[in-house]
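Worksheet: one structure, shown below.
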Amino acid sequence: MQFRNRFTPVLTAIGLSLVFMMAVRLFLWLRYHESFNDLSTYETLLSFILGMRLDLISILTFTVLLILLSTIPLRLIFNNYVRAFFGLVWGLILSMMLTVSIGDTLYFEYTFRHLSSELFNLTNDTDLIIDMALHSYLSYTIVLSIFFTAMTALFIYIFTRPVKNQTISPKSWLTTLLIILLLFLGIRSKFSGKSFGVSDAFAVNKVSSGNLALNGFFCVYRTANKKGAKHDHLPLMKALATTKAILTSERSAFSDPEVPIERKFSEPAAKHYNVIFILIESWGAEHLDSYTHYKPLGVTPFFSELSSKGIKFTNFYANGNRSIYGLTTLLTGLPKPAGFQPLGNGLEFSHLSYLGTIVKANGYDTMAMQGSSRRSYRIDSVMNLSGFDQYYGACDIPDVEELGEGRSPAPLGTYDYNLMDYFHKKVNTLKEPFFTFAFTSSTHTDYHLPDKKYEKFPHGLKSYNGFMNAMYYTDTVLKRFMNEVKDEPWFDNTIFIFTGDHGFGSASTGDAKKLREVSTPMPSIEHNRIPLLIYAPKVFKPYVNTTLGSHADILPTVIDMLGLKNSYSSMGNSLLDDTVSERFVYLQAGNLMGLITDKGYIKHNYKNIVEANTSDPETLERKLLSIDTVEGTFLQDNRWAK
């Protein structure tokens, strides 16, 4: 057997690797065929094709160096010992990829989802894994060991076959550059923006499509940047009993023993209100004029006025400290526990309650938009998966904001007025009832503004003064938007929801401390406090609501307000339900988690309480560990939602 040129062995190796990886996917599909019954023949084919693309990305990512070394125009690459080494390494790499992917198909049997970063949490169970490999899975171990040995030998054979054309010329370096370009494109699947991620692995908007397209190895290495955390603080049944006691409501009962956290409102009466949900970047309550406990600075006068005309929640918190964590909880009712990636990076492996999907099932038209690029946080894929039929990013939005002298369009994303103007126009194209979502961006650093007139303080692109100016600009945008939509025929039947994605730094340090004349700072949980405003002058009377709540309460609140019949899983309750047993906020940030209740709060490092402001820290710790145990265990077992 003789190859035509130095590229043929590599192309052959890539082709064979794809065949082996696709064989694992075919095994998954055949073994768990019932899990993919909701896919039509066409959808199944699309998922397989997308799966081949993911396999190619995985293969190229981990063999890129071998490909370059075996094709560079140097005489050394024709040395038989060198090429045998290439074949050996290729075989070992593919054996590792196949081992993880095959193990993943066996793991699928227990959780009906793919492995992710929790693989790195198995080191404490090494003995158990070895025992399974040598006993219950001994046949797999023997067969795969023989197969991997033979496969590696095959790759050595492929790479050591004679090459007919061994000509090396200066022009060969141009071919090498082209190969580098193709490898770059093959791995990233695009030249710019976010690379292909796990949230892109859904050929259609069904979890089963993603499960079929994904391979275990891709899932693991794309979520490997954050290792899993243990969530076995307490015995599961004891933790579940505590958690359910906290969540208990007379109006929303637990509905399915197989999915213990799932609930459903009793006798809901459908109210076909439209919903406009506006998520405002870094809209921390401690910086807002009518929400702050510090000196107000007059930067959000309109939002203060609007808050006095709606249901103003003053005791509301973000469950995390990043935008994608806020989005994840708002869209699913699930505050992401440690060791799990947010939506767009792995959480979508699990069955979840999606807000967009729920309202869609009740006949709502859905649309989402953000002022950042379409791929920011991979929200284009996240929104599609979450049930939004239409999605738009900055590249879709025309620049209509008037620019002052010397000002230019926003370098990243688009100005908030451009977003809200386009959002208004798109809302007008929807049929009622509709559920829409907009995520602003101008209050994200760097603080570029369209005109100097918004600079109430000496401006800085990264300073607290700059943030205050950006807040003032966004406040004027909200005023313009609300003035423009108030005469629309759908306005009287629409509920507006305003909140922030997370807090912003601190108002009690540095320049902020001087501006706000802070002498005694609030407790650290103040940095998690955000505003929540529900504004619907024809539906709700205005009042101040001091109910403790968080992003996790939004999903059940929407279901309650709209009278939807769906069951749901959420680590929260409707904020309008006065029969709830106990209010709480579960926080997670890096290596800390926390719990806020009406009796105080604690922060925990997964070993000990590291901060507390309560007279009964032991009780709060028990509740916190229970909640974390339930979330982590049910996500790992894929029993969080149907």
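Does S353 meet the test of being polar (S, T, N, Q), outside any helix (DSSP H, G or I) and surrounded by fewer than 23 Cβ atoms within 10 Å (Cβ to Cβ)?
Details: polar (S, T, N, Q): yes; outside any helix (DSSP H, G or I): yes; surrounded by fewer than 23 Cβ atoms within 10 Å (Cβ to Cβ): no.
Judged against the criteria, S353 is not a match.
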Residues of the range 479-519 being within 29 Å of the chain's Cα centre (by Cα) and closer than 19 Å to I278 by Cβ, in sequence order, are F481, T494, I495, F496, I497, F498, T499, G500, D501, H502, G503, F504
Checking G320, G346 in turn, the sole residue that is modelled with pLDDT under 95 and closer than 19 Å to R529 by Cβ turns out to be G320
Pairing a residue in the range 295-306 that is surrounded by fewer than 19 Cβ atoms within 10 Å (Cβ to Cβ) with any residue that is charged (D, E, K, R) and outside any helix (DSSP H, G or I), where Cβ atoms lie under 8 Å and the two sit 6 or more apart in sequence or on different chains, gives K295/E517; P296/D289; G298/D289; G298/K456; P301/D289; S304/D289
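Check whether at least one residue in the range 609-624 is within 16 Å of H231 (Cβ to Cβ), part of a helix (DSSP H, G or I), in contact with a strand residue (DSSP E or B) (Cβ under 7 Å, 6 or more places away or on another chain) and open to solvent by 40 Å² or more (accessible area, probe 1.4 Å), and report yes or no. Give the steps one after another, and end with the answer.
Just the residues of the range 609-624 that are within 16 Å of H231 (Cβ to Cβ), to begin with: 621-624.
Now drop any that are not part of a helix (DSSP H, G or I), which leaves 621-624.
From what's left, in contact with a strand residue (DSSP E or B) (Cβ under 7 Å, 6 or more places away or on another chain): 621, 623-624.
Next, only the ones that are open to solvent by 40 Å² or more (accessible area, probe 1.4 Å) stay: 621.
Yes, the conditions are met somewhere in the range 609-624.
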With criteria (1) out of contact with any helix residue (DSSP H, G or I) (no Cβ under 8 Å at 6 or more places or on another chain); (2) more than 30 Å from N362 (Cβ to Cβ); (3) outside any helix (DSSP H, G or I), A507 comes up short on (1)
V275 passes all but one of the listed conditions (1) open to solvent by less than 30 Å² (accessible area, probe 1.4 Å); (2) out of contact with any Ser or Thr (no Cβ under 8 Å at 6 or more places or on another chain); (3) at pLDDT 95 or above; the exception is number (2)
For the range 196-216, pairs from a residue that is touching a residue at least 60 places away in the same chain (Cβ under 8 Å) and in a helix (DSSP H, G or I) to a residue that is of a type in the set (D, E) and open to solvent by less than 10 Å² (accessible area, probe 1.4 Å), with Cβ under 6 Å and 6 or more apart or across chains, are S199/E348; G216/D104
Next item on the list: Taking E286 as the residue in question, decide whether it is without any contact (Cβ under 8 Å) to a residue 12 or more places away in the chain, in a helix (DSSP H, G or I) and farther than 30 Å from H231 by Cβ.
Entry: no
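Does H293 satisfy the criteria of being more than 30 Å from S307 (Cα to Cα) and over 21 Å from the mean Cα position of the chain (by Cα)?
Working: more than 30 Å from S307 (Cα to Cα): no; over 21 Å from the mean Cα position of the chain (by Cα): yes.
Criteria not met by H293.
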The one condition D451 fails out of (1) modelled with pLDDT of 95 or more; (2) open to solvent by less than 20 Å² (accessible area, probe 1.4 Å); (3) farther than 27 Å from D492 by Cα is (2)
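Yes/no per residue for (1) open to solvent by less than 40 Å² (accessible area, probe 1.4 Å); (2) under 25 Å from the mean Cα position of the chain (by Cα):
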position	(1), (2)
P521	no, no
H527	no, yes
Y535	yes, no
H551	yes, yes
D577	yes, no
V585	yes, yes
L595	yes, yes
D598	no, no
Going through the range 374-413 in order, the residues found to be of a type in the set (G, A, S) and assigned to a loop (DSSP other than H, G, I, E, B) are S386, G387, G393, G404, G406, S408, A410, G413
Picking from D389, D446, D451, the residue that is within 20 Å of W283 (Cβ to Cβ) and of a type in the set (D, E) would be D446
Counted residues in the range 538-582 being free of Cβ contacts under 8 Å to residues at least 24 places away in the same chain and assigned to a loop (DSSP other than H, G, I, E, B) come to 3
Picked from the range 281-294 (must be touching a helix residue (DSSP H, G or I) at 6+ places or on another chain (Cβ under 7 Å) and among the polar types (S, T, N, Q)), the residue least open to solvent (accessible area, probe 1.4 Å) is T292
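The values are calculated or read from the model by the stated rules, or taken from the named source; none is laboratory data. All values reported here derive from a predicted model rather than from experimental measurement. When we count neighbours, we look across all protein chains shown, and the Cβ atoms used for this are built from the backbone with ideal geometry, even at glycine. Note: accessible area is taken over every heavy atom of the protein model, side chains too, but ligands, DNA and RNA are not part of it. Shrake-Rupley method; radii C 1.70, N 1.55, O 1.52, S 1.80 Å.
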